[in-house]
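Here's the structure, in structure tokens; my notes come after.
The values are calculated or read from the model by the stated rules, or taken from the named source; none is laboratory data. Keep in mind that what you see is a predicted model, and the values were worked out from it rather than measured. Don't worry about glycine lacking a Cβ; one is built from the backbone with ideal geometry, like all the others, and counts go over all protein chains shown.
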Amino acid sequence: MQNQEHINQLKNTVQGILDEAVKQGSSAAEAGLSQENGLSVSVRLGDVETIEHHCDQGLGVTVYFGKRKGSASTTDLSVASIKETVSAACSIARYTSEDEFSGLPEPELLATEFPDLDLNHPWDVGVDGAIALAIECEDAARSYHEEISNSEGASVDTHQGIRVMGNSLGFLQGYASTRHSLSCSVLAQRGDSMQRDYWYTVVRDALKLDPAVEVGNKAAERALRRLQGRSLSTRQCPVLYCAETASGLLSSFIGAISGGNLYRKSSFLLDALDTQVFPEFVRIHEQPYLKGALGSGAYDGEGVATKTRDIVSDGILRSYVLSSYSARKLGLHSTGNAGGVHNLTIDPGKLDFQGMLKELNTGLLITELMGQGVNILTGDYSRGAAGFWVENGEIQYPVEEITIAGNLKDMLKNIVTVGNDVDYRGNIRTGSILVDRMSIAGE
Amino acid sequence: MEILNLARQAILMPAGIQDGDIEKIMGRLLSSPVDAADIYFQSSHYESWVMEAGIIKEGSHSIEQGAGVRAVCGEKTGFAYSDRIELQVLLEAANNVKAIVRQGQDADPLHCKVSTKSADWTKYYPFLNPLKSLEDQQKIDLLRRVDSETRKLDSRIEEVIVSLIGVHEHILVARQDGSLVADVRPLVRMNVTVIVEQKGQREQGSMGGGGRSDYSYFIDKDTALGYGREAVRQALVNLEAVDAPAGNMTVVLGSGWPGILLHEAIGHGLEGDFNRKGTSAFSGRVGERVASDLCTVVDDGTLPGRRGSLSIDDEGTPTELTVLIEKGILKGYMQDNLNARLMGVNPTGNGRRESYAHLPMPRMTNTYMLPGQHDPEEIIKSVKKGLYAKNFGGGQVDITSGKFVFSASEAYLIENGKITRAVKGATLIGNGPDVLTKVSMVGTDLALDSGVGTCGKEGQSVPVGVGQPTLKIDGLTVGGTSV
């Protein structure tokens, strides 16, 4: 198989880098190499706008001299450049301090099984095929309704990459993966009100892309429904995060239980292990071995085996999210999360989106969040928002130019229910989430 | 000439690329009837050092180099790039790129003759290499000194994190008329984050800065220690902060970094691409009133040594001072070559790209409001009840609806003309096309930010600057929890 040959070639290069690091005196080393090719085509108002051919490569190396560490990276993979990069890392390690917690992972934690996770599905769509698909998508959006007045276009992206990583403990692995997407963004206008919205589909296997017409229609529908939004008076009320915005809540939670924030004691969930963080019905788990999923992987950024595991069960925080370094700082073991979580999933409840609206009854449905506004140290949360005012389970009118605020600690505890309208397009899989009470600021 | 030779030595010579090779690649691009074409060569060296928990914890060095090849025909752009600066690779890229022009046959091969007579433009920063401006040991010593001096400032300090970043970048743009334009761009940045604790409550403060200079920037005038003092001050203020108010109220914005208001509310909406396409809330509004007559807002890439400054943009156009709003009236947009040509106006030197692997587009440089007539204290005194927002985190805008947010990281209540209690951070939200019409007082104290801004647009990050005098806005929504 061609891929396997390519992977083997890159493995040889990585082994060469590790050997070079040892030759230059380092006691341990880790290296990663990636190559990626891609095509992005965008169309606007029925005609081609850009055709981009991507071709990226990169090498990163970390060396250890005992407990001192240095890192370097380069996009130039020539023999001379590789040597210089290793030597740059070694030179840096002369100046960094002894850090008793630094070093490669414990050997027994390294991954030893590498099942095929079905991540590689090259798509030979070609420039013409990509243009045709993007035009079909944008056409659907533009012809959806007469109030669709303008377009930012539609685009097709396809990427195939190979990643190889190794360390001086003998770990040396690589895999190929693909990612394909189709997106569309259009404007709607009614009187003075102009709104823009978008929709996209992203997958490992192009056969599983949502139909172009469906993506276009959804983009149009979303832009239209925002027209003539108004602000709300300042109040407190329940808030329903739609599935796309709910993933942000969970990512803030993950930030708060991540090693880096914990050992710096800059998390609102410090010392929260084995305590009630969510209501009892909440289970949050990692699924690294899901076939064909966007967040799948048998090992993390350091080669540590990933685990199918519960992070929260019965609403109780069972485990942190740790790399080797942060684990040692906390006196724990790596959880296989150097580089992040893998298909983080909150168990869906019984209600679909309509059911969730009924459950909300009267309150705010959030469909868009703006700005950063989240302080992981204190849990203070204040973000710009747009969405819809809902009464008796029915959407009444679009809402914009408001903020929602609260403290994450309370917000997580005050989750009323989780919908089964799961968004599978990212590394965090959640349905819509209803939060009991938040502060809304408006006119 | 000197700068062109520096860029040649840094990028082309190691790759063995001669003028004749550039002529061949450009000739290939111009063998289709394109409107414009360019080749962007870049070589960047980057380093970072981090001190945390009292030790030098991390250091890294990286090299990013490559070339991007672009052809433009009407509104269509073909683009390819490679990390390998090699003739065959770039010729193949040129073949892919010129396929953007489909109609008609190949034109008579145009001959491109590289010309090195350089047009006149002004340098707004020296050709320094920040990475070599200090010995590695001196960089470490600087971090250690900032760490230890900062830790001495208050007994409530639990943690100090100091980071130092330097970039040395060479770029060279070959344009379709055969001209070669080059720039050498230094950039340095330092940041100090402090975590404090008092009776079990923890808060943080952060301060940093930098510019297109070398590391002496942090040593001269004790700039680096100043960041530490400011970070500690902010963290201690946060210990005392009460819940922020919620609702629409009079807001006084401090001078300097709060100018992110202008970047989000006005700046993005005035970028040429959105306005050519008619997708901005400001589209078609040149000549109309979009602010009170106290407001004059400019974008200025020519400020010496500023983080957002460029001598030439990434298309080789000299930067300039562009008036966006004059006494409340919208004057014009920020343009790159493509959008200027399509809109029939002149480029303004705002064509920027994150790297050779990205397409240029209209981006801001340093965006700020000119000073007004009011004493800042007088502005505070004029407010019966409101919010004084002194410092901010980041922001975001929806350029179509015009709605924008920016998050206050240090704010106080104003009660009866006096600044009273500190309040927690909160997001402020407003509508770009009308927020500046509510500006009722403009201070005399124009200040630019300390050199920390990074702007993201369509996945591309570029360094920018902002600034403003103290401003009073009669009505902005403040997103606190205290309803």
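Of all residues in the stretch B:412-430 being touching a residue at least 40 places away in the same chain (Cβ under 8 Å) and within 28 Å of B:VAL297 (Cα to Cα), which is surrounded by the fewest Cβ atoms within 10 Å (Cβ to Cβ)? Filtering the stretch B:412-430 for residues that are touching a residue at least 40 places away in the same chain (Cβ under 8 Å) and within 28 Å of B:VAL297 (Cα to Cα), the one surrounded by the fewest Cβ atoms within 10 Å (Cβ to Cβ) comes out as B:LEU413.
Where in the stretch B:1-99 are the helices (runs of 4 or more DSSP H), entirely inside, with at least 1 residues that are closer than 30 Å to B:LEU134 by Cβ, away from chain A (no Cβ under 13 Å) and not β-branched (Val, Ile, Thr)?
Because the criterion is at least 1 residues that are closer than 30 Å to B:LEU134 by Cβ, away from chain A (no Cβ under 13 Å) and not β-branched (Val, Ile, Thr), the helices (runs of 4 or more DSSP H) in the stretch B:1-99 that meet it are B:2-7.
Scanning the stretch B:381-403 for residues that are over 22 Å from A:ASP380 (Cβ atoms) and surrounded by fewer than 20 Cβ atoms within 10 Å (Cβ to Cβ) gives B:LYS381, B:SER382, B:LYS384, B:LYS385. Just one of the numbered conditions (1) more than 29 Å from the chain's Cα centre (by Cα); (2) surrounded by 19 or more Cβ atoms within 10 Å (Cβ to Cβ) is not true of B:ILE260: (1).
Please determine, by comparing only the residues of the stretch B:316-330 that are without any contact (Cβ under 8 Å) to a residue 60 or more places away in the chain and closer than 30 Å to B:PHE41 by Cα, which one is surrounded by the fewest Cβ atoms within 10 Å (Cβ to Cβ). Among residues in the stretch B:316-330 that are without any contact (Cβ under 8 Å) to a residue 60 or more places away in the chain and closer than 30 Å to B:PHE41 by Cα, the one surrounded by the fewest Cβ atoms within 10 Å (Cβ to Cβ) is B:LEU321. The stretch B:321-433 holds strands (runs of 3 or more DSSP E) entirely within its bounds, and those carrying 3 or more residues that are closer than 21 Å to B:ALA291 by Cβ and touching a strand residue (DSSP E or B) at 6+ places or on another chain (Cβ under 7 Å) map to B:321-326, B:366-369, B:385-397, B:403-415, B:426-431. Filtering B:VAL146, B:VAL194 for residues that are more than 18 Å from B:TYR124 (Cα to Cα) and part of a strand (DSSP E or B) leaves a single hit, B:VAL194.
The one condition from (1) over 23 Å from A:ASN217 (Cα atoms); (2) crowded, with 20+ Cβ neighbours inside 10 Å that A:HIS180 does not meet is (1).
Only one of the listed residues (B:VAL466, B:VAL405, B:VAL478, B:VAL435) is modelled with pLDDT of 95 or more, within 14 Å of chain A (Cβ to nearest Cβ) and touching a helix residue (DSSP H, G or I) at 6+ places or on another chain (Cβ under 6 Å). That residue is B:VAL435. Only one entry of A:SER251, A:SER267, A:SER296, A:SER258 meets the criterion of being among the polar types (S, T, N, Q) and within 14 Å of chain B (Cβ to nearest Cβ), and that entry is A:SER267.
Just for strands (runs of 3 or more DSSP E) wholly inside the stretch A:372-443: which have at least 3 residues that are facing chain B (nearest Cβ under 10 Å) and on the phi < 0 side of the Ramachandran plot?
Fully inside the stretch A:372-443 and qualifying: A:380-391, A:394-407, A:433-441.
Among the conditions (1) more than 8 Å from every other protein chain (Cβ to nearest Cβ); (2) in a helix (DSSP H, G or I); (3) buried (at least 21 other Cβ atoms within 10 Å of the Cβ); (4) aliphatic (A, V, I, L, M), the only one that A:ALA88 does not satisfy is (1). Is at least one residue of the stretch A:74-81 in a loop (DSSP other than H, G, I, E, B), β-branched (Val, Ile, Thr) and surrounded by fewer than 18 Cβ atoms within 10 Å (Cβ to Cβ)? No, every residue in the stretch A:74-81 fails to be in a loop (DSSP other than H, G, I, E, B), β-branched (Val, Ile, Thr) and surrounded by fewer than 18 Cβ atoms within 10 Å (Cβ to Cβ).
Within the stretch A:230-244, can one find any residue that is in a helix (DSSP H, G or I) and either among the small types (Gly, Ala, Ser) or touching an Asp or Glu at 6+ places or on another chain (Cβ under 8 Å) (or both)? Among the residues of the stretch A:230-244, at least one is in a helix (DSSP H, G or I) and either among the small types (Gly, Ala, Ser) or touching an Asp or Glu at 6+ places or on another chain (Cβ under 8 Å) (or both), which makes the answer yes. Among the residues here, A:GLY60 does not qualify as of a type outside the set (Lys, Arg), out of contact with any helix residue (DSSP H, G or I) (no Cβ under 6 Å at 6 or more places or on another chain), within 12 Å of chain B (Cβ to nearest Cβ) and within 30 Å of A:GLY46 (Cα to Cα). Within the stretch A:277-306, restricting attention to residues that are crowded, with 18+ Cβ neighbours inside 10 Å and of a type in the set (Ser, Thr, Tyr), the residue that is farthest from A:GLU108 (Cα to Cα) is A:SER296. Residues in the stretch B:446-455: is at least one within 13 Å of chain A (Cβ to nearest Cβ), modelled with pLDDT of 95 or more and surrounded by 24 or more Cβ atoms within 10 Å (Cβ to Cβ)? The answer is no; no qualifying residue exists.
Taking B:VAL184 as the residue in question, decide whether it is part of a strand (DSSP E or B) and touching a Phe, Trp or Tyr at 6+ places or on another chain (Cβ under 6 Å). Taking the combined requirement at face value, the residue satisfies it. Selection within the stretch A:17-45: residues that are within 12 Å of chain B (Cβ to nearest Cβ) and in contact with a helix residue (DSSP H, G or I) (Cβ under 6 Å, 6 or more places away or on another chain). The member of this set that is nearest to B:ALA93 (Cα to Cα) is A:VAL41. Does A:ALA219 satisfy being buried (at least 19 other Cβ atoms within 10 Å of the Cβ), at pLDDT 95 or above, more than 14 Å from chain B (Cβ to nearest Cβ) and more than 17 Å from A:VAL399 (Cβ to Cβ)? Taking the combined requirement at face value, the residue does not satisfy it. The residue pairs whose first member lies in the stretch B:60-88 and is within 17 Å of A:ASN37 (Cβ to Cβ), whose second member is at pLDDT below 95 and among the charged types (D, E, K, R), and whose beta carbons are closer than 6 Å, counting only pairs six or more residues apart or on different chains, are B:GLY66/B:ASP83. Being surrounded by fewer than 21 Cβ atoms within 10 Å (Cβ to Cβ), acidic (Asp, Glu), facing chain B (nearest Cβ under 8 Å) and touching a strand residue (DSSP E or B) at 6+ places or on another chain (Cβ under 9 Å): is that true of A:GLU106 here? So A:GLU106 fails the test.
I'd like to verify a number: residues in the stretch A:135-171 that are more than 20 Å from B:SER401 (Cα to Cα), hydrophobic (A, V, I, L, M, F, W, C) and not in a loop (DSSP other than H, G, I, E, B), how many? First the steps, then the outcome.
Let us first name the residues in the stretch A:135-171 that are more than 20 Å from B:SER401 (Cα to Cα), namely A:135-140, A:143-144, A:155-171.
Adding the requirement that they be hydrophobic (A, V, I, L, M, F, W, C) leaves A:135, A:137, A:140, A:156, A:162, A:164-165, A:169, A:171.
Those still in the list that are not in a loop (DSSP other than H, G, I, E, B) too: A:135, A:137, A:140, A:156, A:162, A:164-165.
The total comes to 7.
The set of residues in the stretch B:179-208 being of a type in the set (A, V, I, L, M) and within 14 Å of chain A (Cβ to nearest Cβ) consists of B:VAL194, B:ILE195, B:VAL196. If the condition is being touching a Leu at 6+ places or on another chain (Cβ under 7 Å) and either free of Cβ contacts under 8 Å to residues at least 40 places away in the same chain or closer than 12 Å to A:LEU262 by Cβ (or both), then the stretch A:282-325 contributes A:LEU317, A:TYR320, A:LEU322. Considering (1) in contact (Cβ under 8 Å) with a residue 24 or more places away in the chain; (2) within 11 Å of chain B (Cβ to nearest Cβ); (3) more than 23 Å from A:TYR198 (Cα to Cα), say which one A:SER151 fails and leave the rest. A:SER151 satisfies every listed condition except (3).
Once the stretch B:34-58 is narrowed to residues that are among the small types (Gly, Ala, Ser) and buried (at least 23 other Cβ atoms within 10 Å of the Cβ), the residue that is nearest to B:ALA10 (Cα to Cα) is B:SER43. Just one residue in the set A:ALA21, A:ALA31 is buried (at least 21 other Cβ atoms within 10 Å of the Cβ) and in a strand (DSSP E or B); that residue is A:ALA31. Just one of the numbered conditions (1) at pLDDT 95 or above; (2) at the interface with chain B (Cβ under 8 Å from one of its Cβ atoms); (3) within 28 Å of A:ALA298 (Cα to Cα) is not true of A:THR96: (3).
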